[in-house]
Amino acid sequence: MLLAYISQAYQQLEKWNEAGNSITESLKILKNHANNSTSNEELQIQVLANRVQGDLLVHKKEKNKAIESYKSAFKILKDYSEQTSPFRKSNQFITAKDIELVHRDFIELLSKNNTESELRKDVEASLTKHLYAQLKYSLKAKDWKAADQQTAQLMLNLAKREEQGYLDYDDINNFSCPHLKEINKLWVESDKRFGFSVQKEIWIKTGNRLAIKPSDWKQDYDNYFSFAKTVGWYDDKKVDEQGSRGNFLRYDDLMERIKDNPYWGRGSLPLVRGLVMVDDFLGRELFFRLATCKV
């Protein structure tokens, strides 16, 4: 493991020969211990070492060899999902980010190799499964900020808009109903204050319509503010630096209020800030999609 990390450090320093020597030695040691290769620790080290070797091979423009390295790392993650899970409580060497990067870097390599289309689909499905597991872990830990950000990342992944970085109206109106229901279920089960279904209920009670054209938003401005105040996004008692009363809470301030008071902020999450190009909130279009999906 130490040799794999040393190789990674050498790559960051662009000392490619030293990086190659370190990762070769790391893989040699792992090969000599092949009979004990199903221990949790060694499986994780194999994933890390193969990923580091794959990165080096990409730099050397040896794509086919890089694909084989990533394929080895991915196969271990798939065949030994429990042993390599980053959400175990002990003997954990690789992180959730390490596993995410194995998937993402592998997908990028495979996207340039049309002969591996079925494998790419398999890796993409595995990445989605990993993002769901990450969200479940954060919700269980009551890490609301991480869960909110992971929800946005997961929704971009499901809509295949990660490169674009946001959802437009068509993306929202075509978003998978089963996945929207599953994400909502995870939030509601973690805390009954939260979830898209809770937000939809408050949205309707504050006089908002489920289907609003962008051209009509100004007509519903007061109702939107009523919703924002009810869920805690807007504080009409807050005074800004210019002395004006009433302002939207900063994202971090919102998270602090939720953290400090377990009974405050019904409907405040998920906020998934920045997921939609035109609005900090997921967009008024979401509520129509929630209705059509019967969330």
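Numbers at a glance
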| item | result |
| --- | --- |
| GLU82, sole failed condition from (1) in the same structural domain as ARG289 (by TED's automatic domain parsing); (2) part of a loop (DSSP other than H, G, I, E, B); (3) without any contact (Cβ under 8 Å) to a residue 24 or more places away in the chain | (1) |
| Per-region count, segment 1-15, residues under 24 Å from HIS33 (Cα atoms) and not in a helix (DSSP H, G or I) | 1 |
| Segment 105-121: number of residues that are charged (D, E, K, R) and either touching a residue at least 24 places away in the same chain (Cβ under 8 Å) or surrounded by 16 or more Cβ atoms within 10 Å (Cβ to Cβ) (or both) | 4 |
| Selection from segment 94-122 of residues that are assigned to a loop (DSSP other than H, G, I, E, B) and of a type in the set (A, V, I, L, M, F, W, C) | ILE94 |
| One residue from LEU56, LEU13, LEU2 being aliphatic (A, V, I, L, M), surrounded by 13 or more Cβ atoms within 10 Å (Cβ to Cβ) and either more than 25 Å from GLU82 (Cα to Cα) or touching a helix residue (DSSP H, G or I) at 6+ places or on another chain (Cβ under 9 Å) (or both) | LEU56 |
| Residue check, GLN150 assigned by TED's automatic domain parsing to the domain that holds LEU254 and over 18 Å from ALA291 (Cα atoms) | yes |
| Where ASP79 falls short, out of the listed (1) buried (at least 21 other Cβ atoms within 10 Å of the Cβ); (2) more than 22 Å from ASN157 (Cβ to Cβ); (3) not β-branched (Val, Ile, Thr) | (1) |
| Checking GLU163 against (1) at pLDDT below 95; (2) in a helix (DSSP H, G or I); (3) not hydrophobic (A, V, I, L, M, F, W, C), the condition it does not meet | (2) |
| Long-range neighbours under 6 Å by Cβ, at least six apart or interchain, first residue surrounded by 15 or more Cβ atoms within 10 Å (Cβ to Cβ) and assigned to a helix (DSSP H, G or I) within segment 246-265, second at pLDDT 90 or above and aliphatic (A, V, I, L, M) | none |
| Residue list for segment 126-148, filter: of a type outside the set (Asp, Glu), assigned to a helix (DSSP H, G or I) and over 17 Å from LEU101 (Cβ atoms) | TYR132, LEU135, LYS136, TYR137, SER138, LEU139, LYS140, TRP144, LYS145, ALA146, ALA147 |
| Some residue of segment 166-175 being surrounded by 14 or more Cβ atoms within 10 Å (Cβ to Cβ), touching a residue at least 60 places away in the same chain (Cβ under 8 Å) and within 16 Å of the chain's Cα centre (by Cα) | yes |
| Residue among SER39, SER69 that is assigned by TED's automatic domain parsing to the domain that holds THR95, at pLDDT below 95 and under 28 Å from LYS129 (Cα atoms) | SER39 |
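The values are calculated or read from the model by the stated rules, or taken from the named source; none is laboratory data. What you are looking at is a predicted structure, and each value in this text was computed from that prediction instead of being measured. No Cβ is skipped: glycine too gets one built from the backbone with ideal geometry, and neighbour counts run over all protein chains shown.
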